[in-house]
1. Gain in length, Glu84 to Val14, computed as 0.36 nm per residue apart minus the alpha-carbon separation, to one decimal in nm?
2. If you keep only loop residues by DSSP, which GluC sites (Glu not before Pro) in region 9-106 have at most 15 other Cβ atoms within 10 Å of their Cβ?
3. Tally Lys and Arg at +1 and Asp and Glu at -1 over the other residues with C-beta under 11 Å from the C-beta of Thr40: what net charge comes out?
4. Give me the angle, in degrees from 0 to 90, between the Cα long axis of helix 15-27 and the longest principal axis of the Cα atoms of the chain, rounded to the nearest 10.
5. What's the angle, to the nearest 10 degrees (0 to 90), between helix 87-98's Cα axis and the longest principal axis of the chain?
6. Calculate log10 I(q)/I(0) of the chain for q = 0.09 Å⁻¹, where I(q) comes from the Debye formula with a single equal point scatterer on each Cα and nothing for solvent.
7. Determine, from the Cβ-Cβ distance of Val7 and Arg75 and an R0 of 35 Å, the FRET efficiency 1/(1 + (r/R0)^6), rounded to the nearest 0.05.
8. At 1.4 Å probe size, with every protein chain present, just tell me what the per residue accessible area of the chain comes to in Å².
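The values are calculated or read from the model by the stated rules, or taken from the named source; none is laboratory data. Please read all numbers here as calculations on a predicted model, not as lab measurements. Cβ coordinates were reconstructed from backbone atoms using ideal geometry, including for glycine residues, and neighbour counts include every protein chain displayed. Just the protein is used for accessible areas: all its heavy atoms, side chains included, with ligands, DNA and RNA removed. Shrake-Rupley method; radii C 1.70, N 1.55, O 1.52, S 1.80 Å.
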Amino acid sequence: MQRAWHVLDAENVVLGRIATEAAVLLRGKHKPTWTPHLDTGDHVIVVNAAKLDVSIRKAAQKRYYRHSGYPGGIREESLEHLLERDPEDVIRRAVRGMLRRVRWADRC
């Protein structure tokens with residue numbers, strides 16, 4: 001199995017569109033040899049993650065949650081704050097939500 005490398009430019013692109021394209025490439029659904037039970041995907045690199053096209057309203061209203069495992073340990077963060085702090089994590093979370101919930105999905 002040969003894996004290719006793809007570079008996606010996220011400058012002025014909507015978050016869902018770049019995430020969908022990356023998820024298709026990671027799963028390998030663009031190849032004629034795609035089968036659902038094998039990992040036939042390629043490697044994906046996303047550049048210019050900080051320059052995503054996100055509306056002001058979505059940046060303020062969309063929330064990301066994480067939990068520490070302790071009582072009362074839930075933390076929430078807006079998309080706007082997460083883009084300032086770690087823009088790669090925004091794309092990583094969007095793509096991961098589009099992948100199957102299996103062990104090999106941890107590579108993204």
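1. 23.5 nm
2. Within region 9-106, the qualifying GluC sites (Glu not before Pro) (loop, at most 15 other Cβ atoms within 10 Å) are Glu11.
3. Taking every Cβ under 11 Å from that of Thr40, the sum is +2.
4. 40
5. That works out to roughly 60 degrees.
6. So the normalised log intensities are -0.27.
7. 0.60
8. Ligands and nucleic acids excluded, the result is 69 Å² per residue.
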